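The values are calculated or read from the model by the stated rules, or taken from the named source; none is laboratory data. Note that the structure is predicted; figures quoted are calculated from it, not measured. Counting neighbours? That spans all protein chains shown, and the Cβs are built from the backbone with ideal geometry, glycine included. Just so you know, the surface numbers come from the protein's heavy atoms only, side chains and all, with ligands and any DNA or RNA stripped out. Shrake-Rupley method; radii C 1.70, N 1.55, O 1.52, S 1.80 Å.
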Amino acid sequence: MTLRGAIFDADGVLLDSMHIWRELGARYLEGLGIQPEEGLSQRLYPMSLEQSCRYLKTRYKLSFSEDEIQSGILGIIEGFYRNEVKLKPGIPEFLSAMKSRGVKIVIATAGDRDLLVSALERNGIAGYFDAIFTCTELNTTKHEPDIFMSCAEFMGLEPENVEVFEDALFAIETAKRAGFITFGVSDESNINDRTRIKELADYYIEDFRGGI
């Protein structure tokens, strides 16, 4: 059997972290003693960080500059990854089983490397990974296959011998087109795309505690 490799996305796959992006505005306001409006997360979710800061400043008549608001929100994100974020259930056992079979494991993420490493170390799984690749460092996105191809090249494997674990439909589409074995991963953030993910991905994982 050909030795296979695995590429894991971080947010929504390894880490139960996607909810923080919906909570940012409310957390920020609550930290100022301000009660957020109902439905705030739905209003902010499609916005960029800059647009969200502008909305908060205008809607809540904040005295801070937009840059100061952004700094405060980024501080919330950093605190979450360094102190709060938890693993998806079953992840340590899943990774351990892979390692015991000699599978090479890397991470491909659009997130921040330092915050991710902090989260992995705090949750005790940093040692399972042979490398971390970030979209920022490669100057790419997961709409292009570059990050996945870089991971495969690092492992010395062809795409058909590498499994990609993703929760985002567009990333699964990218990996699939590039010839990788794709695993769609259930997350609360992808509920609207779940039917299409199940149709497209080679495999679908509801819960890592069930194995493959």
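Amide H to amide H, which residues 5 or more places from I105 or on other chains are under 5 Å from it, using H placed in the peptide plane?
A6, D130
For the chain, with all protein chains present and a 1.4 Å probe, just round the carbon and sulfur fraction of the accessible area to a whole percent. Each step should come with its number before you reach the end.
Numbers: 5210 of 10740 Å².
Carbon with sulfur: 49 percent of the solvent-accessible area.
With axes computed from alpha carbons, what is the tilt in degrees of helix 91-100 against the longest principal axis of the chain, rounded to the nearest 10 within 0 to 90?
Orientation of helix 91-100: about 20 degrees from the principal axis.
Please give the per residue accessible area of the stretch 1-48, computed with a probe of 1.4 Å over protein heavy atoms only, in Å². Don't jump to the answer; show the numbers that get you there.
Details: 2410 Å² over 48 residues.
Value for the stretch 1-48: 50 Å² per residue.
Counting Lys and Arg as +1 and Asp and Glu as -1, each charge on the Cβ, what is the dipole of the stretch 21-101 about the Cα centre in debye, to the nearest 20?
Numbers: 12 positive and 11 negative charges, 71 e Å.
In total the dipole reaches around 340 debye.
Rounded to the nearest 500 deg cm²/dmol, what is the calculated helix-only ellipticity per residue at 222 nm for the chain, with -39500 (n - 2.57) per DSSP H run of length n ≥ 4?
On the way: 10 runs with 97 residues, N = 212.
About -13500 deg cm²/dmol.
Rg and Dmax of the chain, Cα atoms, in Å?
18.4, 63
May I ask you to compute the full-extension gain from Y204 to E50, defined as 0.36 nm times their residue separation minus their alpha-carbon distance, rounded to one decimal in nm? Don't jump to the answer; show the numbers that get you there.
Values: separation 154, 0.36 × 154 = 55.44 nm, distance 3.49 nm.
Gain in length upon complete extension: 51.9 nm.
Determine which residues of the stretch 59-100 fall in the zone a paramagnetic label at E188 would reach in this model, i.e. backbone nitrogen under 14 Å from the point 7 Å along Cα→Cβ.
Once the point is set 7 Å along Cα→Cβ of E188, 85-89 turn out to lie under 14 Å by backbone N, inside the stretch 59-100.
To the nearest 10 degrees, how steep is helix 19-31 against the longest Cα principal axis of the chain, on a 0 to 90 scale?
That helix lies at roughly 20 degrees to the long axis.
For the stretch 102-212, what does the accessible surface come to per residue with a 1.4 Å probe? Please give it in Å². Display every interim value, and only then the final one.
On the way: 5300 Å² over 111 residues.
On a per-residue basis, the stretch 102-212 sits at 48 Å².
Suppose every K and R has +1 on its Cβ and every D and E has -1 on its Cβ; what is the size of the dipole of the chain about the Cα centre, in Debye to the nearest 20? Write down the numbers at each step before the final one.
Details: 23 positive and 35 negative charges, 52 e Å.
Roughly 240 debye, rounded to the nearest 20.
On a 0 to 90 degree scale, rounded to 10, what angle separates helix 113-122 from the longest Cα axis of the chain?
It works out to around 80 degrees.
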